[in-house]
Structure formats: C-alpha cells, structure tokens
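First comes the structure, then the notes that go with it.
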Amino acid sequence: MRPRRVMPLVLLSSFALAALASAQTAPALRSPDVIYVPTPPQVVEEMLKLAKVGPDDVVYDLGSGDGRIPIAAVQTFHAKAAVGIDIDPQRIKEANENHAKSGVGARVRFLNQDLFTTPIGEASVVTLYLLQSLNEKLMPKLQKELKPGSRVVSQTFSMGAAWPPDQTIQVDGRSVHLWIVK
C-alpha cells in the first residue's frame, strides 16, 4: 500500500492562506486624496453636536480614517447607524479594529470605497475633513444625493463661495462649518 501524499493539500492550504492575507491587505482603489490627519476628540464631539446628531440619524463620515467619528456618533450621540468610507485599506483596518473594541455592534460599518462614487443618500448627516478643493468637488454629489434637511459638517475647510455655511463655530482654534441641504 502506498502512503498518501499530503504535500498537495499542504501546498493548497499555503496558497489559500496567502490569498486570504492578500485579500485582507488589498491595495487602495486609487491613491488617497489627502494624508490622514486624525480629528481631535473634542472637535469630533463639537462636529456631532453642531449637526445635532440623535437617535433618528444615519451618519456618513467621508474619509473616515480610524473610524472615530462613526463610532462616536453611535456611542455618544446614539445615532441610529453610522458608516465610515475610506479609500485606504489600512485606515479601514484600523477603523475595524477600533470598532471591535467599541462595543457599538452592527450599527457602525466601514467601507473601503471611493467617497466620490459611493452612494450617500441614506445619510441624514455627513462629516468631512477634506481639503476645500475636495469639498467643492464633492458639493454637487452632496446636494444631489442628500435629502432636504440633511446636515453636512466639515472641519477646517469650507465649500467655497458657491455654498456658504449656515453656521461656523470655533473649536480649539479650528473652524467647524455646518450646511443644511435645501
């Protein structure tokens, strides 16, 4: 009787593990538009307060980084749900790690997608920390996809003269802008 050959199975398992590892660290869809700079916790809190986030809200954070805004929206402000969208798979990995530690469960999710092409019509609040040029590029999408009464909050950067904010506050030397979609 011939001994069984285990090697192909071991080799197959090695390939499967390599494929799985590769899938978990997939390259970005394209290069990120901005470098990641985390929003300080006190600014996160004031952004969500300014937007009056509450239990009926679905918050979308475009360029969500490590996930602190979607997690805070659910954990502290009791939003119905929150979605973080980031093009960088490393940021999504960090966000999912923070999500796992947060205890907010299925009400928060993170998508490794392009914020310019991901549908956002479900959002009642959108948060941003992008450059003004990117906000201006994103403005038509926000105005088209968001329902009237939806709120958009941006740290530091405005939408330019074409869409002046409804309100601006200062938090630790940073501007936080609010727009209400008409």
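Every number in this text was worked out from the coordinates using simple rules, so none of it is lab data. All values derive from a computational prediction rather than experimental measurement. Cβ placement follows ideal geometry from the backbone for every residue including glycine, while neighbour counts extend to all protein chains displayed.
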query: Has region 166-176 got any residue that is within 20 Å of the chain's Cα centre (by Cα) and within 22 Å of residue 82 (Cα to Cα)?
result: yes
query: Applying the selection to region 162-182, what residues are out of contact with any strand residue (DSSP E or B) (no Cβ under 7 Å at 6 or more places or on another chain) and either within 25 Å of residue 38 (Cβ to Cβ) or among the aromatic types (Phe, Trp, Tyr) (or both)?
result: 170, 171, 172, 173
field: Residue list for region 81-116, restricted to those being touching a Gly at 6+ places or on another chain (Cβ under 9 Å), charged (D, E, K, R) and farther than 16 Å from residue 38 by Cα
entry: 109
query: Quick check, is residue 61 in contact with a Ser or Thr (Cβ under 8 Å, 6 or more places away or on another chain), of a type in the set (D, E, K, R), touching a residue at least 40 places away in the same chain (Cβ under 8 Å) and surrounded by 14 or more Cβ atoms within 10 Å (Cβ to Cβ)?
result: yes
field: Given (1) without any contact (Cβ under 8 Å) to a residue 40 or more places away in the chain; (2) closer than 24 Å to residue 37 by Cα; (3) of a type in the set (A, V, I, L, M); (4) not in a loop (DSSP other than H, G, I, E, B), index of the condition residue 159 fails
entry: (4)
query: Can you pull out the helices (runs of 4 or more DSSP H) entirely within region 41-153 that have at least 2 residues that are among the polar types (S, T, N, Q)?
result: 89-102, 132-145
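Look through 111, 128 and report the one residue that is buried (at least 19 other Cβ atoms within 10 Å of the Cβ) and under 17 Å from the mean Cα position of the chain (by Cα).
Values: 111 fails: buried (at least 19 other Cβ atoms within 10 Å of the Cβ).
Answer to the selection: 128.
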